[in-house]
1. For the chain, what is the mean residue ellipticity at 222 nm derived from helices alone (per DSSP H run of n ≥ 4: -39500 (n - 2.57); sum divided by total residues; nearest 500 deg cm²/dmol)?
2. Setting aside same-chain residues fewer than 8 positions from Lys33, which aspartates and glutamates have a Cα under 12 Å from its Cα?
3. Mind pulling the angle between the C-alpha long axis of helix 70-82 and the longest principal axis of the chain? Nearest 10 degrees, somewhere in 0 to 90.
4. Compute the separation of the alpha-carbon centres of the range 152-171 and the range 67-116 and state it in Å as a whole number.
5. Where both partners of a DSSP beta bridge lie in the range 5-183, what percent of those bridges are antiparallel, to the nearest 5?
6. Computed FRET efficiency, Cβ-Cβ of Glu77 and Asn172, R0 41 Å: what is it to the nearest 0.05?
7. Which one, His49, His132, His75, has the greatest fluctuation when you compute a Gaussian network model over the chain with C-alpha springs under 10 angstrom?
8. Sort Met103, Met129 so that the residue with the fewest other Cβ atoms within 10 Å of its own Cβ comes first and the one with the most comes last.
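No value in this document is a laboratory result; all are computed from the given coordinates. This structure is a prediction, so every number in the text was calculated from the model and none was measured. Positions of Cβ are generated from backbone atoms using ideal geometry, with glycine treated the same way; all protein chains shown enter the neighbour counts.
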Amino acid sequence: MRFKQDEINRLNVQFKGIPPEEIISWAVEYSLKALVTTNFRPYEVAILHAVSQVKSDIPVVWCDTGYNTPNTYKHAEELIERLDLNIDLYVPKQTTAHRDAVMGIPPIDDAKHILFTEQVKLEPFRRAMTTHQPDVWFTNLRKGQTAHRDSLNILSLSIDGVLKVSPFYHWNETHLDAYLKERNLPNEHTYFDPTKVLENRECGLHT
């Protein structure tokens with residue numbers, strides 16, 4: 001499924017205000033190889049729940065940096081079991097212990113931070129995408145998260161031409177809190193991303 005930018009622009013206008021489940025159903029119907037990526041950060045449960053309700057066996061790619069908090073790992077295990085997620089786990093080729101001994105977590109102004117990000121997030125992510133070769137990539141990107149994400153929309157194209165579908169793009173945290181409460185879904189707020197450090201900084205997956 002390949003779309004031109006003018007088609008995407010038209011669909012984004014059409015999809016604004018439509019329930020996420022309907023957007024997901026539309027994308028699933030027309031895709032041949034869809035997947036959803038997750039890191040189990042705050043509010044990730046919304047996209048995982050919504051997508052799995054439409055397509056229960058969809059591959060859920062988890063690129064685990066190895067630096068998640070204990071609570072995030074427990075949260076991940078709870079969601080995997082509760083939502084019966086079809087998890088495909090990708091981890092860095094080097095262990096966390098090895099990297100900590102020779103590099104640690106470099107600050108963002110350290111030249112080694114680029115190598116760190118490549119090792120713990122970008123390389124595993126590229127490996128996952130090469131393995132799955134998706135035509136649709138479900139994400140939980142939302143407007144207001146970063147300057148770059150403000151330039152996107154419900155539908156956007158990755159650098160490789162994969163259609164990114166962000167059904168909750170126009171939702172704020174109040175809307176998401178209500179979504180989770182209505183469905184009795186847990187959230188996770190102790191998440192830590194060592195590649196971003198700052199919440200409004202991109203890690204590279206979406207740029």
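1. The helix-only estimate for the chain comes to -11500 deg cm²/dmol at 222 nm.
2. Asp57, Asp135
3. Here the helix axis deviates by roughly 40 degrees.
4. Their Cα centres are 24 Å away from one another.
5. Here the share of antiparallel DSSP bridges comes out near 20 percent.
6. Computed FRET efficiency for Glu77 and Asn172: 0.90.
7. Comparing His49, His132, His75 in a Gaussian network model of the chain, the most mobile one is His132.
8. So the residues, fewest neighbours to most, are Met103, Met129.
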